Structure formats: structure tokens, C-alpha cells
Amino acid sequence: MCFKHFLFACIILFCSQSLSAQILNVEKSRLSGDSVNYFLGSLGLSFNTNNRSIDDDGETVSFIGLTANSDFGYISELHSFLIISQFNYTATSDDPINSTGYGHFRINFLRKRSVSYETFTQVQYDQGRGMQIRWLGGGGLRFRLKSTEKNSIYAGIGAMYEEEIWDYPGPSEAEFTTRIWKSSNYLSGRFKLNDHINLNLITYYQTGYDFDAEIFRHRVNADLNLLINVTSKLSLQTSAFIGYENEPVVPITKTIYSISNGVILSF
């Protein structure tokens, strides 16, 4: 990758507040405690490697790139409001410029209760794999299974409506659109390992029946974030993501992963 491409990527990454992982780790922006009516946020920059191969039957293509993410939230007495976004820039020998991204908005109503309510909406794209856009919206119940000063575990069950438009980059250049109602469920945990190290985990399972294709489409994703606090505002972050879809809309790799290391600035 030439210097001008690298410079162009850095400019976009620092300026972008929009849109990539298949499903987000929304838990990393949640806080517990007695404070109310305050804003929080973080900005991050990471280097990453993944295997987002276009052809499931072809050779796996390795990608190297940069990731920028921003998390913003407002915590009120009763509710919490979160906006999470990420933008990825990747480069390979076959495709020197490729990008993916997402934007996610979520509200947790009556957040202090052991059973609370959530609603969410999301938009994302994945240029390299051919996904022009995916948008979804839904809601559900959030259960507090454990909550202490150091550890917390939550589970969520709900439903959502999802629409995807794919422009598969094959010989036919065909476009595919799916519209599905899905069950959306997750299990998340936040663990304070010591005064300087925090571990965040979340696993999602989403499934729905595609009446047009007459098949069930299942999606499983797991996201891990390890944060090492350098100062009260600056942290080092290692993130790992793995996702699996049993019936992709177009014939692409069913299992994808990404690993990244970077820095997080919190405020």
C-alpha cells in the first residue's frame, strides 16, 4: 500500500463518525454506578488482520488494515442511550482499497431494573464481500443475571426485522435482497480482572426463516475486548471477533474473524 493510500485512510479514519463487525459489542459502552445525567464516550484506532475471502471455494485472502471506532452515550436517571460506530479500511494485493462500516443506536429503558427493555436500530455495509447495505431494527428484554462492582453478566432476548441488499462481485454481477424477521438473543459479561485490566465478552445468536428461499438463516457472533488501562483516559485494546452464518445470502465464506490491537481514548 503506497503512502498516499495510507494517508488517505488515516484522514478518513479520524474524521469518520459513521460506519463493521457483523454484530457489535454494545456492552463496552455501558456503565454501572449511581451517577446519572452524564455523557460518556471513547475514540479508538486499531490495526487489524482478518480473512474476509470473497469466494468460498477459492483461496482465502488475507487482509491488513486500520479500524476506527467511536462510542457515545448518555446515562439518565432511568434510561441509557448509546451510539456506536466503526469504520474499517483494508488493503490487499487484489483490492488496494476496501471498506466496511456500521452505525448502531440503542436505548435501554428502565436500566436499573433486573429486567429492563431495549430497542435498537443499525445500518452497515461491507464493500469487499458485496453487501451494499444491511439495516435492521428491533427490541427485547434485558436480564441482569449478576452485577457487582467488578463483574456483571446480562442476557437479552428479542426480535428484529432485517433487510440486506447484496451485489455479489461474481461473473453475473447479480443483486440479491432478503427481508427477514429474526429472533435476536445475546449473553454478555464484563469482568474487572484487576485495577488495570478489564475483559468484555458478548455472544449473539440470531435466527429467522427466509420464506423466499425456504430455509432458516442462523447467525452466531462472538466479540471479545481486552482493555489495559495506561491512564484514566488512555487504554490499550486487543479485540477479537468471530462470526458464522449457515446460509449466506451469496456464496461467500461462512466463517469470518478479525483480530486487532489499538488504543482507546475515553472521555
Within the stretch 244-258, work out how many residues are within 15 Å of Phe216 (Cα to Cα), part of a loop (DSSP other than H, G, I, E, B) and either open to solvent by less than 70 Å² (accessible area, probe 1.4 Å) or touching a Phe, Trp or Tyr at 6+ places or on another chain (Cβ under 7 Å) (or both).
5
Of the residues Glu162, Glu175, Glu118, which single one is open to solvent by less than 10 Å² (accessible area, probe 1.4 Å) and among the charged types (D, E, K, R)?
Glu162
Taking the stretch 98-132 only, how many residues are assigned to a loop (DSSP other than H, G, I, E, B) and not charged (D, E, K, R)?
5
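Residue by residue through the stretch 121-154, note down the ones that are among the charged types (D, E, K, R) and crowded, with 19+ Cβ neighbours inside 10 Å.
Listed by number, the residues that qualify are Asp126, Arg129, Arg134, Arg142.
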Please count how many residues of the stretch 190-225 are over 19 Å from Leu145 (Cβ atoms) and not in a loop (DSSP other than H, G, I, E, B).
14
Give me the residue from the stretch 180-209 that is at pLDDT below 95 and charged (D, E, K, R) and, out of that set, farthest from the chain's Cα centre (by Cα).
Asp195
The correct count of residues that are modelled with pLDDT of 90 or more and polar (S, T, N, Q) in the stretch 239-267 is 2
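The values are calculated or read from the model by the stated rules, or taken from the named source; none is laboratory data. None of these values were measured; they are calculated from a predicted model. For neighbour counting, all protein chains shown are included, and Cβ atoms are generated from backbone atoms with ideal geometry for every residue, glycine included. Accessible surface areas use protein heavy atoms only, side chains included; no ligands, DNA or RNA. Shrake-Rupley method; radii C 1.70, N 1.55, O 1.52, S 1.80 Å.
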